[in-house]
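Undergrad: Just passing along the structure, written as structure tokens.
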Amino acid sequence: MKRSHLFLLELILDLALFVLCGAVCVGLFLHAGAMSRESQRLTQAVALAQSAAEALRADELPPQAPQGYQILSQVEEAGEGLYCARVEIRWEDSVVYTLETQWVGYGEEADGP
């Protein structure tokens, strides 16, 4: 084989290796972007669930959900002033985060002396 043929073969192999590495890098970047979006959704869902749980405990309406999110909450009295709540945060019909909490509810404040 001539020297020029070997050089051309080496160049083609180098180019193929470079294309393969580039394809792997693009795949990794796409996966990292998807993980970043999922992490942002989870962080937003945790904050929404905590705010909704605090509002339920204070006997207020839950916060307004940003576009795409849904807040579903359920409160039950477990007896003797114990309340149980389940707050579910959804993003486009899939559950992102669920928070279950309990608290002791106190009756109305008694009048002081």
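Undergrad: Suppose R0 equals 25 Å. What FRET efficiency, 1/(1 + (r/R0)^6) with r the Cβ-Cβ distance, do Q64 and W103 give to the nearest 0.05? Intermediate values should be presented prior to the final figure.
TA: Numbers: r = 23 Å, r/R0 = 0.92.
After rounding to 0.05, the efficiency reads 0.65.
Undergrad: Report the Cα centroid-to-centroid distance between the stretch 36-71 and the stretch 1-26 in angstrom, as an integer.
TA: Each part reduced to its Cα centre gives a spacing of 52 Å.
Undergrad: What fraction, in whole percent, of alpha-carbon pairs in the stretch 3-104 exceed 17 Å separation? Could you put the intermediate results ahead of the total?
TA: On the way: 3337 of 5151 pairs.
Cα-Cα pairs in the stretch 3-104 separated by more than 17 Å: 65 percent.
Undergrad: Place a point 7 Å from the Cα of S51 along the Cα-to-Cβ direction; which residues of the stretch 65-85 have their backbone N under 16 Å from it?
TA: Zone members listed by number: 65-73.
Undergrad: Packing-wise, with mean Cβ within 10 Å as the measure, how do 77-87, 44-54 rank, highest first? Please report the intermediate quantities before stating the final value.
TA: Values: 77-87: 13.1, 44-54: 18.4.
The most tightly packed comes first, giving 44-54, 77-87.
Undergrad: Counting only C-alpha contacts under 8 Å and six or more residues apart, can you give the relative contact order of the chain as a whole percent? Don't skip to the end; give the middle numbers.
TA: Details: 112 pairs, mean separation 20.6, N = 113.
Contact order relative to length: 18 percent.
Undergrad: Starting from the amide H of V96, placed 1.01 Å from N in the peptide plane, find each other amide H under 5 Å away whose residue is 5 or more places distant or on another chain.
TA: The list, which skips near neighbours in sequence, is I89, R90, W91.
Undergrad: Okay, next question. Roughly what angle does helix 3-57 make with the longest principal axis of the chain, taking Cα atoms, 0 to 90 degrees, to the nearest 10?
TA: So the helix axis and the longest Cα principal axis differ by about 0 degrees.
Every read-out reported here was derived from the displayed coordinates using simple, explicitly stated rules and does not represent laboratory data. Just so you know, these numbers come straight off a predicted model, no measurement behind them. Ideal geometry is used to build each Cβ from the backbone, glycine not excepted, and the neighbour counts take in all protein chains shown.
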